[in-house]
Structures are given as structure tokens and as C-alpha cells.
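To start, the structure itself, in C-alpha cells.
Derivation of every value follows stated rules applied to the coordinates shown; laboratory data play no part. Everything numeric in this text was worked out from a predicted model, so none of it was measured. With ideal geometry, Cβ positions are generated from the backbone for all residues, glycine too; neighbour counts draw on all protein chains shown.
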Amino acid sequence: MIEDIRKDCDVRMHKSIDALKTDLAKIRTGRAHVSILDHVTVDYYGSMVPLSQVAKLSADDARTLSVMPWEKDMVGKIEKAIMTSDLGLNPSTSGLTIRVPMPALTEERRRELGKVVRNEGESAKVAVRNIRRDANNDLKNMLKDKEISEDDERRGQDLIQKLTDGCVTEVDRLVAEKEKELMEA
């Protein structure tokens, strides 16, 4: 039973870390990367679909993304979708190719993004600690119901604490990596 709680705790903590990775990927640095356009959706014959499903996305160089629609009549819709997204990008069209230049980040903007990254990291740590609390409560309830001994509860709490420490370290590493990337660009 303790092993079941540990496995559940492990899965949930790693989902929190995956969510952090997704959130950090949305925070753009000055460098062009196709994942910046991941959450942009386009109206494709009445339904909203991800941009990657209606066009080929690629990075031309460190500061420019290129979007090549599969269908000619999608050029305008894709350009509009990129413009109206919350990314603050201004695409330009030449024929079938849409070029998306990445504006350079100012020092002030980098610092603001650094704060956003740290806040995302702190939210992930809170989520991991909440999962630890839930697991420890489950162990206490099992002890109260006499399903496990006090020694088993202590061992279970130690296992969960080790898991928590590992996940918090991973969150710190991801945040430091993203901050470094922001300051380099």
C-alpha cells in the first residue's frame, strides 16, 4: 500500500514538472524556436486546429521563423492567427511563405520574463509540496486505521520526502536554465 502511494505521488509530481516545462516553453527568449508557435490555433474550415497541423514550421535562423502553409488559401488565416496571438509577433508574407521575425528583447523585458520564470517555478514547487502533503495525509490515515505500523509510516514519509526533494531540485534546475537562456539571447 505504501508503494502505491509512492507511485501515485511520483506520477503526480512528474506531471507538475511536465506542466512547468510546457509553461516555460511558452516564455519566449530572443531566439527563434518553433515551439513558440505551439499554442497558436488557426480556423481551418470551421474548426480551430494547431498551426503545426496546417503548415510546416521551421527556424530560418536565430531570429526568424518560417511558416509554409499546406494550402494556398490558408496564408491569410495563418498570418492573422499569428498577429492576434498573445505573442506580440508581426509576420510578413512573401508568396506562400510567412516569415515571423523575433524582436530583440530589451534588458528590462528580460528581467520581467525572469520574474515570470521564477513565479512559474515557485508555483510548480507549491504543487509538488501539496502532493507531498496529500501523500503524508494518506499515510497518517492508514496508520489511524491500523493498516500500517508507525515505522512503516515513517519509512513512507521518508520515501515521499526524497521524491519531493528530487522534484524540487529538478524545478530549480529548469528555472535556472530558462533564466540563463533569457539573459544570453
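Would the range 1-51 count as rounded, prolate or oblate if I go by the C-alpha gyration tensor, calling it rounded below 1.5 in a/c and otherwise prolate when a/b exceeds b/c, oblate otherwise? Verdict is oblate for the range 1-51.
Relative contact order for the chain: 26 percent, from Cα pairs under 8 Å spaced at least 6 residues apart, divided by residue count. With 10 Å bins beginning at zero, the pair-distance distribution over Cα atoms of the range 77-126 amounts to 22, 33, 28, 15, 2 %. Among ASP18, ASP172, ASP73, the largest mean-square fluctuation in a Gaussian network model of the chain (Cα springs under 10 Å) belongs to ASP73.
Between LEU24, LEU89, LEU174, the Gaussian network model of the chain with springs among Cα atoms under 10 angstrom shows the greatest mean-square fluctuation at LEU89.
For LYS80, the aspartates and glutamates whose Cα falls under 14 Å of its own Cα, not counting residues fewer than eight places away in the same chain, are ASP43. Rg/Rh for the chain (Cα atoms only, Rh after Kirkwood) is 1.16.
The overall shape of the range 33-137 is oblate: from the C-alpha gyration tensor, with semi-axes ordered a ≥ b ≥ c, the ratio a/c is 1.5 or greater and a/b is no larger than b/c. A simple packing score, the average count of other Cβ atoms within 10 Å per residue, orders the peptides 139-147, 33-41 as 33-41, 139-147, with the highest score first. Between SER149, SER66, SER47, the residue with the greatest mean-square fluctuation in the GNM of the chain (Cα pairs under 10 Å linked by springs) is SER47.
In the range 125-185, the alpha-carbon atoms span a convex hull of 50 Å³ per residue.
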